[in-house]
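Below is one structure, written out as structure tokens; comments come after it.
The values are calculated or read from the model by the stated rules, or taken from the named source; none is laboratory data. This is a predicted model, so every value here is computed, not measured. Cβ sites come from the backbone with ideal geometry, for glycine too, and all protein chains shown count toward neighbours. Just so you know, the surface numbers come from the protein's heavy atoms only, side chains and all, with ligands and any DNA or RNA stripped out. Shrake-Rupley method; radii C 1.70, N 1.55, O 1.52, S 1.80 Å.
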Amino acid sequence: MSPASHFSSQRRVPLKGSAREPFDVSRAGEFISQATDEEQITVSVVLTSKTPIDPSVRLTREQFAQQHCADDTAEEVVRGFAQEFGLNVDAPKERGRRTLQLTGSRDAMERAFGVTFQRHVTDAGTFRLREGELTLPEELSPHVVAVLGLDNRPQAKSHHRIATPRAGNVSYTPVQVAQFYGFPANASAAGQTIALLELGGGYEQADITAYFQSIGVPAPKVTAVFVDKGTNSPGDPNGADGEVMLDIEVSAGVAPGANVVVYFAPNTDQGFIDAVTTAVHDSTNKPSVLSISWGGPESTWTQQAVTALDQACQAAAAVGVTITVACGDDGSTDGVSGGGNHVDFPASSPFVLACGGTKLVASGTTVTSEVVWNDLSSNEGATGGGVSALFGLPTWQSNSNVPAAPTSAGGRGVPDVAGDADPSTGYTVRVDGETTTIGGTSAVAPLWAGLIALANAANGQDVGFANPALYAAKSAFRDITSGNNGAFSAGPGWDACTGLGSPHGASVITALTSK
């Protein structure tokens with residue numbers, strides 16, 4: 001066998017969990033033709049870990065990279081495979097990511113991974129698509145967790161909602177919300193870095209400066225990191241810019257003194273996962289908490305992407321990075337057509353803090369009413385929540401009376417915690433030079449990220465995976481007992497609308513400080 005045909009002559013096996021469903025042409029645009037042009041494609045190959053990850057064992061980023069990087073043999077096999085198929089290899093500097101990026105022509109990618117590309121044009125742009133399973137040479141298959149980026153259809157949506165002007169609406173600054181929730185007065189998150197994941201949009205420094213001056217909080221240092229050719233591209237106040245600014249202004253507004261790093265990536269499964277691993281293993285900026293306000297129903301992700309992203313969340317727990325995730329704005333169906341209940345991913349990962357939404361009404365600095373956010377009757381959203389079909393019931397949730405799982409593999413209840421999310425009681429933010437009101441569970445993830453940053457600063461060390469400690473500290477929450485998100489109703493204790501409830505900020509910090 002010649003070196004040039006070493007992998008080409010091997011039996012091919014399907015990559016587990018790589019199957020892609022056909023693109024919904026009726027909703028997304030007109031089918032054009034089989035893609036044949038020779039644009040260069042870059043894919044991210046996620047490799048197996050040298051040793052199994054134990055999220056309960058705290059490691060530095062350097063220790064994690066040493067213990068859980070890809071096996072040398074795996075990298076060697078991938079490099080040989082890439083060379084044979086005419087693909088260039090790039091290794092990101094963060095070895096803990098266990099990712100190699102391969103770049104080559106469409107033809108080379110089709111031959112290397114056993115796919116046929118199609119192209120679809122939609123209102124959102126032109127996308128490169130594949131269907132069915134990927135196949136790998138038999139020698140390569142055991143070393144690969146996922147191959148991401150062959151298909152670049154949009155993977156997630158932001159969970160923010162711009163308020164519709166109507167009588168009775170109110171809005172609050174992050175400073176006011178922090179007061180409502182009993183965050184310690186004059187608390188500082190100095191020395192902490194909050195990471196934000198963004199799959200579009202951008203920010204203007206002038207808006208950040210003006211906004212924080214208006215709320216009386218020192219403006220944070222905000223740094224942009226570009227992943228997979230992501231960009232800071234402001235310009236659409238009704239689009240993803242609202243998400244970006246909401247995340248920056250809420251997280252830093254409730255956690256004065258914290259630095260903010262925004263990881264911009266394309267809205268694909270590859271961009272999403274590469275942004276998470278880049279943030280988690282970032283030894284330059286060293287974020288201690290990562291806020292994610294993007295996601296999609298579990299059923300819209302390939303199993304290989306779910307596995308790779310959940311492993312990234314496990315790695316975060318191991319290196320002491322808390323991940324807060326919005327659980328969606330479409331009620332118990334999570335916006336899936338055809339009925340049934342669904343939860344959003346990555347909020348459903350057992351290694352993140354899933355954030356649900358409430359409608360909060362206050363007088364002065366006192367909360368007078370807080371119920372489940374549900375405006376479905378006016379087609380203006382509701383908090384996500386329910387039971388995962390993919391992840392089993394975690395031990396720390398075993399006494400929470402989580403409803404029956406929809407599948408034998410499922411059981412993890414969503415959300416874990418909650419906070420103000422109803423756009424009619426939303427957050428006053430500045431976007432592209434204009435002041436507006438935005439809500440959605442997108443606001444709750446950065447709210448909790450800011451609270452975690454305050455806890456880290458108070459503790460002198462990073463909280464990391466917070467869920468077990470929070471479930472053991474139920475008195476640290478305002479229990480939300482009224483309302484529903486469609487199929488699930490609030491009640492005493494944990495529920496599939498608002499989780500444990502909204503925070504008593506100082507009590508949460510105490511519970512996490514003694515973790």
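Some observations on this one:
- Looking across the range 437-460, not a single residue is over 17 Å from VAL175 (Cα atoms), touching a residue at least 12 places away in the same chain (Cβ under 8 Å), open to solvent by 10 Å² or more (accessible area, probe 1.4 Å) and outside any helix (DSSP H, G or I).
Conditions tested, residue by residue: (1) among the aromatic types (Phe, Trp, Tyr); (2) closer than 22 Å to VAL254 by Cα; (3) touching a strand residue (DSSP E or B) at 6+ places or on another chain (Cβ under 7 Å).
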| residue | (1), (2), (3) |
| --- | --- |
| ALA275 | no, no, yes |
| SER291 | no, yes, yes |
| TRP294 | yes, yes, yes |
| GLY320 | no, yes, no |
| THR324 | no, yes, yes |
| CYS327 | no, yes, yes |
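- Contact annotation: residue pairs with Cβ atoms under 8 Å, 6 or more positions apart or on different chains, pairing a residue in the range 233-247 that is on the phi > 0 side of the Ramachandran plot with a partner that is open to solvent by less than 40 Å² (accessible area, probe 1.4 Å), are GLY235/GLY202; GLY235/ASP241.
- The single condition among (1) farther than 20 Å from LEU376 by Cβ; (2) open to solvent by 20 Å² or more (accessible area, probe 1.4 Å) that PHE180 does not meet is (2).
- All positions within the range 306-322 that are open to solvent by less than 10 Å² (accessible area, probe 1.4 Å), on the phi < 0 side of the Ramachandran plot and of a type outside the set (A, V, I, L, M, F, W, C): THR322
- Residues being within 30 Å of ALA275 (Cα to Cα), open to solvent by 20 Å² or more (accessible area, probe 1.4 Å) and of a type in the set (A, V, I, L, M, F, W, C) - total across the range 184-200: 2
- Considering residues of the range 156-173 that are part of a loop (DSSP other than H, G, I, E, B) and among the hydrophobic types (A, V, I, L, M, F, W, C) only, the residue farthest from SER378 (Cα to Cα): ALA156
- Wholly enclosed helices (runs of 4 or more DSSP H) of the range 1-112 bearing at least 3 residues farther than 17 Å from GLY149 by Cβ and modelled with pLDDT of 95 or more: 61-68, 72-84
- Taken as a whole, the structure places SER348 among residues that are assigned to a loop (DSSP other than H, G, I, E, B), open to solvent by less than 10 Å² (accessible area, probe 1.4 Å), modelled with pLDDT of 95 or more and not acidic (Asp, Glu).
- Under the condition of being assigned to a loop (DSSP other than H, G, I, E, B), closer than 20 Å to GLU21 by Cα and not basic (Lys, Arg), the residues counted in the range 124-145 number 4.
- Among the residues of the range 357-371, those identified as open to solvent by 10 Å² or more (accessible area, probe 1.4 Å) and either touching a helix residue (DSSP H, G or I) at 6+ places or on another chain (Cβ under 6 Å) or part of a strand (DSSP E or B) (or both) are LYS359, VAL361, ALA362, SER363, THR365, THR366, VAL367, THR368, SER369, GLU370, VAL371.
This table checks each residue for (1) open to solvent by less than 10 Å² (accessible area, probe 1.4 Å); (2) of a type in the set (Gly, Ala, Ser).
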| position | (1), (2) |
| --- | --- |
| THR383 | yes, no |
| SER388 | yes, yes |
| ASN399 | no, no |
| VAL402 | no, no |
| THR407 | no, no |
| ARG412 | yes, no |
| GLY426 | yes, yes |
| THR435 | no, no |
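- Any hit, the range 132-152, residues being under 21 Å from the mean Cα position of the chain (by Cα), open to solvent by less than 30 Å² (accessible area, probe 1.4 Å) and among the polar types (S, T, N, Q): no
- Residue match in the range 161-168 (condition: buried (at least 22 other Cβ atoms within 10 Å of the Cβ) and of a type in the set (A, V, I, L, M, F, W, C)): no
- In the range 88-114, the residues that are hydrophobic (A, V, I, L, M, F, W, C) form Cβ pairs under 7 Å with partners that are part of a helix (DSSP H, G or I), at six or more places apart or across chains, as follows: VAL89/ARG79; VAL89/ALA82; LEU100/GLU75; LEU100/VAL78; LEU102/ALA82.
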